[in-house]
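Asker: Dropping a structure here in structure tokens format, bear with me for questions.
The values are calculated or read from the model by the stated rules, or taken from the named source; none is laboratory data. Being a predicted model, the structure only gives us computed values, none of them experimental. We place every Cβ from the backbone using ideal geometry, glycine too, and count neighbours over all the protein chains shown. Ligands, DNA and RNA are stripped out before the accessible areas are found, and what is left, the full protein with its side chains, is counted by its heavy atoms. Shrake-Rupley method; radii C 1.70, N 1.55, O 1.52, S 1.80 Å.
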Amino acid sequence: MNRWIGRKFLFLYKYSGKWISRLLNQKRRKKREACRILLFCNSSTMEEHLLNYVEQVEEDGYRFSVFFGSGYADGAEHRLEDTLFRGKKIKPLQHLWQMFGRYWDLIVCADLDYPFWLFKGTIPLLYIGHGISNVSYDGGKTVYDYGPESYDEHGEFLFDKVLEPNRRIAALMKESDRKFEDLICHTGYRFAGKIKAESEKGAQYREQFQLPADRPVVSFFGSWNRESLFHVLGEELFDICDRLKDQYSFIFSIHPREYQEYNPEIKPMGALVDQQREKGFLVRSPGEDWIPYIMASDVAVVDYSTMMSLAILAGKKVIVSEFPDEKVGACSLGYQVKKTFPVVKNAGELEAALKQVFEASAFEQMVERFQEELYVSSEEYKKRVQKVTEEMISGVAFHGSQRPEPL
């Protein structure tokens, strides 16, 4: 009975907040007040993307607040000092009433969810994403960012604007539905400039990792779940790499979720990957920056995760572990890469795939072609994000219900 009362109270609390937020955000903001931007960070994987957004627009005098979601063990009570936001002028909010009890000029989300219940059209909503979307949840029809999860119960798209990193996907989505013409803003990939600068440091990182200069370096970047790289290639992969270690240097990196049980029918492989250090292999820990490891590589073996696109952006040829085509959107870069580069269905096919990718010069040309879909200079990216933000706050690019202009 008490649990039922608690659920009812929480429902009424959130529902009342929805109406309070609507009333407050219909009022006119005083001209002298700085614009307020609310960041919704649902888990630690969203931090680098939201931080990057802040860094693009912080010089414009905006006031930032952040609400930490259920993806953190301590939820909204998560400490700012324990995140990538530490040192930034960002105010953490710990209660729902702090969000629906004030005026917001913009809400910025890195995932397909709102920080609190709200009426669409009340506050401008910007979706920045948290990577380069390849994965599909609708059988390959489209990518995650535009799939079923991106619509509300009324069939309306959740956000007023989307920052799309891929030029080709932006064009295809606009061609597929006229509503995307104003909704999607092609910006290029937010870390493209940084990745290009780091791509010149391959020799430096090899020396840092004490990798032989005369031996090609092959890295494995695996996601999590049954269809991810290490599960597809299995434990035999490590035996084969041990046999080939006089010809190649190998690096292993696996998703942090593989270090704990997430499905009783799937044995996590994180501990097994870590054990490869005992054989002299280089293993990246989940908390380490991935950039030095990919830059030290000549070839990356990848699955359907964002690392596939990041390896391409870093200028690396790839080998793809087998996964169902419908796992990624038919319009995605991941789908194009899988149809272009060698695909291995088991660890026994790795040696032949390595010879193929190292010997065929055509793969280098394909890497350059795919890079063009994502690349943007850091300066140009900053201008594009600032422009979208300014237009949304001013009301020029806000397509919800009409909001009164500030005095």
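Asker: Say the cut-off is 26 Å between C-alpha atoms; which of 91/387; 141/267; 179/317; 120/387; 161/382 go over it?
Answerer: Over 26 Å Cα-Cα: 141/267; 179/317.
Asker: Which residues' amide hydrogens lie under 5 Å from the amide hydrogen of residue 222, considering only partners 5 or more residues apart or on another chain, with H built in the peptide plane?
Answerer: Hits under the 5 Å cutoff: 253, 254, 255.
Asker: Moving to a separate point now. Taking the alpha-carbon distance from residue 279 and a cut-off under 19 Å, which lysines remain once sequence neighbours fewer than 8 residues away in the same chain are dropped?
Answerer: Hits, sequence-local ones excluded: 245.
Asker: Still on this structure: Kindly report, to the nearest 10 Å², the accessible surface of residue 117 as traced by a 1.4 Å probe over protein heavy atoms only.
Answerer: Accessible area, nearest 10 Å²: 100 Å².
Asker: Just add up the charged neighbours of residue 206: K/R +1, D/E -1, any other residue whose Cβ is under 12 Å from the Cβ of residue 206.
Answerer: Local charge sum for residue 206: -1.
Asker: Does the range 244-380 come out rounded, prolate or oblate, given a ≥ b ≥ c as the square roots of the eigenvalues of its C-alpha gyration tensor, rounded meaning a/c under 1.5 and, failing that, prolate meaning a/b above b/c?
Answerer: It comes out rounded by the Cα gyration axes.
Asker: With just the Cα atoms defining each centre, how far is the range 323-385 from the range 283-306? Give it in Å.
Answerer: 14 Å
Asker: Let me ask you something else. Give me the lysines in straight-line cross-link reach of residue 8: C-alpha distance below 18 Å, same-chain residues under 8 apart excluded.
Answerer: Partners found: 18.
Asker: I've got another one for you. What's the local net charge at residue 282, with K and R +1, D and E -1, over the other residues with C-beta under 15 Å away?
Answerer: -1
Asker: Within straight cross-link reach of residue 355, meaning Cα distance under 13 Å, which aspartates and glutamates are found once same-chain residues fewer than 8 apart are removed?
Answerer: Candidates past the 8-residue exclusion: 298.
Asker: Let me ask something additional. May I ask you to list, by number, the DSSP H helices of the chain whose Cα span along the axis is at least 20 Å and whose average Kyte-Doolittle hydropathy reaches -1.0 or more? Could the numbers behind the result be given before it?
Answerer: On the way: long enough: 2-24 (32 Å, -0.25); 378-394 (24 Å, -1.32).
Membrane-span-like by this rule: 2-24.
Asker: Using θ = phi - 60° and the Karplus curve 6.51 cos²θ - 1.76 cosθ + 1.60, what whole-Hz ³J(HN,Hα) does each residue of the range 278-288 get, with Gly and Pro shown as x?
Answerer: Calculated HN-Hα couplings, in order: 5, 8, x, 7, 8, 10, 8, 7, x, x, 7 Hz.
Asker: Kindly rank 164-176, 128-140 from highest to lowest mean number of other beta carbons found within 10 Å of each residue.
Answerer: Most protected by this proxy first, the peptides run 128-140, 164-176.
Asker: Is it possible to state the helix-based mean residue ellipticity at 222 nm for the chain, with each DSSP H run of 4+ residues giving -39500 (n - 2.57), the sum divided by total residues, to the nearest 500 deg cm²/dmol? What is it?
Answerer: -10000 deg cm²/dmol
Asker: A further question follows. Which entry is the computed P(r) over Cα pairs in 10 Å bins from 0, in percent for this structure: (1) 4, 18, 23, 21, 15, 9, 5, 3, 1, 1, 0, 0; (2) 4, 17, 23, 23, 19, 11, 3, 0; (3) 4, 20, 29, 24, 14, 6, 1, 0?
Answerer: Of the listed options (1) 4, 18, 23, 21, 15, 9, 5, 3, 1, 1, 0, 0; (2) 4, 17, 23, 23, 19, 11, 3, 0; (3) 4, 20, 29, 24, 14, 6, 1, 0, (3) comes from this structure.
Asker: Give, as a single signed number, the net charge of other residues whose beta carbon lies under 13 Å from the beta carbon of residue 327, with Lys and Arg counted +1 and Asp and Glu -1.
Answerer: -3
Asker: Exactly which trypsin sites (Lys or Arg not before Pro) in the range 298-377 are in a DSSP loop and have at most 14 other Cβ atoms within 10 Å?
Answerer: Those that pass, being in a loop and sparsely packed, are 345.
Asker: Rounded, prolate or oblate for the range 220-319? Axes are the square roots of the Cα gyration tensor eigenvalues, ordered a ≥ b ≥ c, and the cut-off for rounded is a/c under 1.5.
Answerer: oblate
Asker: Between residue 91 and residues 5 or more places away or on another chain, which pairs have amide H atoms under 5 Å apart, with H built 1.01 Å from N, and which residues are they?
Answerer: Answer set, sorted by chain and number: 64, 65, 66.
Asker: Any chance you could look up the accessible area of residue 122 with a 1.4 Å probe, heavy atoms only, rounded to 10 Å²?
Answerer: Accessible area of residue 122: about 10 Å².
Asker: Check each of the trypsin sites (Lys or Arg not before Pro) in the range 54-106 and keep only those in coil by DSSP with at most 15 other C-beta atoms within 10 angstrom; list them in order.
Answerer: Filter output for the range 54-106: 79, 86, 88, 89, 102.
Asker: Counting only residues 5 or more places away or on other chains, whose amide H sits under 5 Å from the amide H of residue 283 once H atoms are built in the peptide plane?
Answerer: Amide H to amide H, under 5 Å and 5 or more residues apart or across chains, residue 283 pairs with 252.
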